[in-house]
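K.L.:
Sharing a structure, written as structure tokens. Questions coming.
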Amino acid sequence: MEVRQLTANDAEAYWELRLEALKKNPEAFASSYEEAILKDDPIKSTVRNMESGATFGAFDNETLIGVITFVRGAGIKVRHKADLFAVYVTPEYRGKGAGRALLSRVIDYAKNQDALLKLSVSVVSTNERAKHLYKSFGFKTVYIEEKALYVQGQFLNEEHMVQYF
């Protein structure tokens, strides 16, 4: 398995995996599949998003099997912190080290960012596997947002987790 930073050349593969993620795990994302498929030129917006942050992908041979996106605060007052978004590993590869490899790579990247002190991620409270992974890297839950998402007729809580450098 290889983990590397994605480029514009990976935008189409990323978009396909993103649609899979929204369809297979709608509870894990604030975006919905129904909204995503209505986007005008999603590949172009995917490239723009990749350029505004750093997105890493896990590959099995040439197949993109997992992703994680790092976005740093842009203004002077928030440059000391960054967030992780759109974290996903395709179901067939869960429990096989892809998530751990992605998280390890993005944390190494974060630690090499000048004056970055805090890395945050939000995870639906029922996702025990993801919470365990984040905790194994030193993330701690700082608060639980009740009714953060409304998915398929039910409210879901999100745990907001942070790691300080």
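Nothing in this text is a laboratory measurement; each read-out follows from the coordinates by a stated rule. This structure is a prediction, so every number in the text was calculated from the model and none was measured. Cβ coordinates were reconstructed from backbone atoms using ideal geometry, including for glycine residues, and neighbour counts include every protein chain displayed.
K.L.:
Calculate, in nm to one decimal, what Val71 and Lys111 gain on full extension: separation in residues at 0.36 nm each, minus their alpha carbon distance.
P.N.:
13.1 nm
K.L.:
Estimate the FRET efficiency between Arg4 and Glu146 by the formula 1/(1 + (r/R0)^6), using the beta-carbon distance for r and 35 Å for R0, to the nearest 0.05.
P.N.:
0.40
K.L.:
For n ≥ 4 DSSP H runs only, could you compute -39500 (n - 2.57) per run for the chain, divide by its residues and tell me the 222 nm figure to the nearest 500?
P.N.:
-9500 deg cm²/dmol, from helical runs alone.
K.L.:
Another question, if that's okay. What does a probe at Asn157 reach in the stretch 107-143, counting residues whose amide N is under 16 Å from the point 7 Å along Cα→Cβ?
P.N.:
122-129, 131-132, 141-143
K.L.:
Between Tyr33 and Glu12, what length in nm is gained on full extension when 0.36 nm per residue of separation is reduced by their alpha carbon distance?
P.N.:
6.0 nm
K.L.:
Averaging over all projection directions, find the projected area of the Cα convex hull of the stretch 1-131 and quote it in nm² with one decimal place.
P.N.:
8.2 nm²
K.L.:
If you plug each phi of the stretch 28-39 into the Karplus form 6.51 cos²θ - 1.76 cosθ + 1.60 with θ = phi - 60°, what whole-Hz ³J(HN,Hα) values come out, in order, with x for Gly and Pro?
P.N.:
8, 9, 6, 7, 10, 4, 4, 6, 4, 6, 8, 5
K.L.:
Over 15 Å apart: what share of the alpha carbon pairs of the stretch 62-154 falls there, rounded to a whole percent?
P.N.:
65 percent
K.L.:
What are the aspartates and glutamates whose alpha-carbon lies under 12 Å from the alpha-carbon of Lys96, with same-chain residues fewer than 8 places away excluded?
P.N.:
Asp60
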